[in-house]
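Where a number appears in this text, it was derived from the coordinates with a stated rule and is not lab data. Just so we're clear, the structure is a prediction, and the values are computed from it rather than from any experiment.
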Amino acid sequence: MKVVSIVGMTGAGKSEVSRVFEENGFIRIRFGDLTDEEMRKRGLKPSEENERLVRELLRQEHGMAAYAKLNLPRIEPALKSSDVVIDGLYSWEEYTYLKARYGEDLCLVTVWSSPKTRYARLNNRSNRRLTVEEAISRDRAELENINKGGPIAMADFTIINETSLENLKKEAKRIISVLR
């Protein structure tokens, strides 16, 4: 069974690509669900500031590979019956942790969009909307504090997402066909 992780900066289209994999038989595991669950436990309202706080606290408590480690109880059972797609692997340490565990069965797919394109998308989202300033701040925090650039650089496949949702889905399906 394969573990495919979708990586990229916020607003690049990772969740859209993950949905295409899910529609094609992969079990989808969204790493950000841990952030949402932890915010609920702590009684925090959804906001960029609270999400960042929780992401950083989880990494302080469990190390920089926190999201990979804490999601293993979801990944392992899913792999018994299906390939898995991870929506949102972030840190270099998460990548190296999963690579050590799954070896050649781990595949990274980068979804890339320019900052200008991503910021426009993020500002128009119906949920988890970010202003341009919040998006720039999040980019910096993810690159400087979470080591997000490494997994993006190590991708086995890259999808350039600067045009249409239709094109994005077509590219995701092309990668799925190569993997199978």
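From the phi angles alone, apply the Karplus equation (6.51, -1.76, 1.60; θ = phi - 60°) to the stretch 152-162 and give each ³J(HN,Hα) in whole Hz, x where the residue is Gly or Pro.
Couplings: 4, 5, 8, 4, 7, 9, 10, 10, 8, 10, 10 Hz.
Given a cut-off of under 8 Å on Cα pairs at least six residues apart, what relative contact order in percent is computed for the stretch 3-179?
Once normalised by length, the contact order is 34 percent.
Taking a temperature of 10 °C and a viscosity of 1.306 mPa s, what whole-number D in µm²/s does Stokes-Einstein yield for the stretch 57-97 with Rh from Kirkwood over alpha carbon pairs?
In µm²/s, the coefficient rounds to 147.
Each residue of the stretch 77-94 in turn: what ³J(HN,Hα) in whole Hz from Karplus with 6.51, -1.76, 1.60 and θ = phi - 60°, glycine and Pro shown as x?
Rounded to whole hertz, the list is x, 5, 5, 5, 10, 7, 5, 10, 10, 9, 8, x, 5, 10, 8, 4, 5, 4.
Starting at the first residue of the stretch 129-142, write each ³J(HN,Hα) from the Karplus equation 6.51 cos²θ - 1.76 cosθ + 1.60 with θ = phi - 60°, in whole Hz, x for Gly and Pro.
In residue order, the calculated couplings are 5, 10, 6, 4, 4, 5, 5, 4, 4, 5, 3, 4, 4, 5 Hz.
Taking amide H atoms as placed 1.01 Å from N in the peptide plane, list the residues 5 or more away in sequence, or in a different chain, whose amide H sits under 5 Å from that of Ser5.
Ile86, Cys107, Leu108, Val109
How many percent of DSSP beta bridges within the chain run antiparallel, rounded to 5?
Restricted to the chain, the bridges split so that about 0 percent are antiparallel.
So what are the radius of gyration and Dmax for the Cα set of the chain, in Å?
Gyration radius and largest Cα-Cα distance of the chain: 15.5, 44 Å.
Is the C-alpha gyration tensor of the stretch 112-180 telling us rounded, prolate or oblate? Criteria: a/c under 1.5 is rounded; beyond that, a/b larger than b/c is prolate, otherwise oblate.
Cα axes put the stretch 112-180 in the oblate bin.
Between the alpha-carbon centers of the stretch 1-25 and the stretch 107-166, tell me the distance in whole angstrom.
13
Taking amide H positions as placed in the peptide plane 1.01 Å from N, state which residues far from Arg28 in sequence (5 or more) or on other chains have amide H under 5 Å from it.
So Arg28 has HN proximity to Val85.
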